[in-house]
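These notes are about the structure you will find just below.
Quick note: the coordinates plus some simple rules give every number you see, no bench work behind them. Quick caveat: nothing in here was measured; it's all calculated off a predicted structure. FYI the Cβ positions are ideal-geometry reconstructions off the backbone, even for glycines, and counts take in every protein chain you see.
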Amino acid sequence: LELDSYIHRIGRTGRAGHDGQAISLVTGEDIMTLYAIEERIGTMIPEAKLPTDQELAEQKEQSNAWIQAHA
């Protein structure tokens, strides 16, 4: 991964003066690259975790219950 190219592409998520948001999926194998990107841009990238299979199943159950209650 070419860091400068990646940083440039991510920086283009907001166009024409508008804000943008980029999401990067990072595995344990990628963590050193993430640290290098953070060092290059001078800021830490906030971490967000993906929901677990159990959390997704619970959300689906809640959604289905709400739909049935309001049908």
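Less than 12 Å Cβ to Cβ from LEU34, Lys/Arg counted +1 and Asp/Glu -1: what total charge do the surrounding residues give?
Numbers: positive: ARG40; negative: GLU29, ASP30, GLU38, GLU39, GLU47.
Neighbour charge sum, excluding LEU34 itself: -4.
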| note | Given Cβ charges of +1 for Lys and Arg and -1 for Asp and Glu, the option among LEU56, ALA71, ILE45 whose Cα lies farthest towards the positive end of the dipole of the chain is ALA71
| Among the trypsin sites (Lys or Arg not before Pro) within the chain, which fall in a DSSP loop and have no more than 10 other Cβ atoms within 10 Å of their own Cβ? | ARG12, ARG15, LYS49
| If region 3-69 were replaced by its equivalent ellipsoid, with semi-axes equal to the square roots of 5 times the Cα gyration tensor eigenvalues, what would those be, largest first, whole Å? | 34, 18, 8
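Are there GluC sites (Glu not before Pro) in the chain that DSSP puts in a loop and that have at most 15 other Cβ atoms within 10 Å, and which ones?
On the way: sites: GLU2, GLU29, GLU38, GLU39, GLU47, GLU55, GLU58, GLU61; in loops: GLU2, GLU47.
The qualifying sites are GLU2, GLU47.
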| field | Helix 53-69 vs. the chain, principal-axis angle (Cα, 0 to 90°, nearest 10) | value | 40
